[in-house]
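**Student:** What follows is a single structure, and I will ask about it in a moment.
Nothing in this text is a laboratory measurement; each read-out follows from the coordinates by a stated rule. Everything quoted here is computed from the prediction, not taken from an experiment. Here the Cβ positions follow ideal geometry from the backbone for every residue, glycine too, while neighbour counts run over all protein chains shown.
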Amino acid sequence: MKKVERYFYPAIFTYEDGQEIAVVFPDLDCATSGENEDDAFLSARELLGCVLCGLEEDGEEIPHPTPLCSIKTESNERAVLIDAYMPSIRERNNNRSVNRTVTLPAWLNAISQERNINFSQVLQEALMQKLQIR
């Protein structure tokens, strides 16, 4: 069976004064939140990918998404379509290591080695920060 490359699911963003933005995926019975809209969107995207990847790995049926226009909301809610690009999520969940060649100035290499810096760990942390991955 061919795996889906990208999923799109509606999420309901709920806004309450003085609280984080709550995000619920009604079709998947899961929720998250964010401090602002950007954070809520990124949290929703990450959660969606994790949930769908888990369903795929467990061989469970993946529910059909409700059309965005069919989502009913209250006055403090907004329906938002969230996507999950599965090839990168599946690869991230694979969590196997790959070798990369890195070039850096000799002086920086010398200082880093003198201080016992773990190059792999530093690169992983920097890439995750740059890509806004938790």
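**Student:** In deg cm²/dmol and to the nearest 500, what is the mean residue ellipticity at 222 nm of the chain if only DSSP H runs of at least 4 residues count, each as -39500 (n - 2.57), divided by the residue total?
**Tutor:** Using -39500 (n - 2.57) per qualifying helix, the result is -12500 deg cm²/dmol.
**Student:** Given an 8 Å cut-off on Cα distances and at least 6 residues of separation, report the relative contact order of the chain as a percent.
**Tutor:** 26 percent
**Student:** Per the Cauchy relation, a quarter of the hull surface: what is the mean projected area of the convex hull of the alpha carbons in segment 1-90, in nm²?
**Tutor:** About 6.0 nm², averaged over all directions.
**Student:** Could I ask something else about it? List the residue ranges in the chain for DSSP H helices whose C-alpha atoms run 30 angstrom or more along the long axis and whose Kyte-Doolittle average is 0.0 or above.
**Tutor:** What comes out of the filter, once short or polar helices are dropped, is 37-58.
**Student:** Give me the Kirkwood hydrodynamic radius of segment 12-53, using the inverse of the mean 1/r over all pairs of distinct Cα atoms, in Å to one decimal. Walk me through the intermediate numbers first.
**Tutor:** Details: mean 1/r = 0.0979 Å⁻¹.
Hydrodynamic radius (Kirkwood, Cα pairs) of segment 12-53 is 10.2 Å.
**Student:** Counting only other residues whose beta carbon sits under 12 Å from that of D39, what net charge do I get with K and R as +1, D and E as -1?
**Tutor:** So the surrounding residues net to -3.
**Student:** Follow-up. Among the aspartates and glutamates, which have Cα under 18 Å from the Cα of K3 when same-chain residues fewer than 8 positions away are ignored?
**Tutor:** E56, E57, D58, E60, E61, D83, E91
**Student:** Using the count of nearby Cβ atoms within 10 Å as a rough guide to exposure, how do V122, V24, V102 rank from fewest to most?
**Tutor:** On the way: V122 11, V24 18, V102 8.
The most exposed by this proxy come first: V102, V122, V24.
**Student:** Amide H of I62 versus every other amide H placed in the peptide plane: which residues, excluding those fewer than 5 positions away on the same chain, fall under 5 Å?
**Tutor:** Answer set, sorted by chain and number: none.
**Student:** Fewest to most neighbouring Cβ within 10 Å: what's the order for D17, D39, D83?
**Tutor:** Listed from fewest to most nearby Cβ atoms, that is D17, D83, D39.
**Student:** Another question about this same structure. What ³J(HN,Hα) values, in whole Hz, does the Karplus curve 6.51 cos²θ - 1.76 cosθ + 1.60 give for segment 6-13 when θ = phi - 60°, with x put for Gly and Pro?
**Tutor:** 9, 10, 10, 10, x, 10, 9, 8
**Student:** Would you mind ranking I82, I117, I71 so that the residue whose beta carbon has the fewest other beta carbons within 10 Å leads the list?
**Tutor:** Taking fewest neighbouring Cβ atoms as first place, the list is I117, I71, I82.
**Student:** Modelling each spin label as a point 7 Å along the Cα-to-Cβ direction, I'd like the K72/A31 distance in nm, to one decimal.
**Tutor:** The answer from the label model is 1.8 nm.
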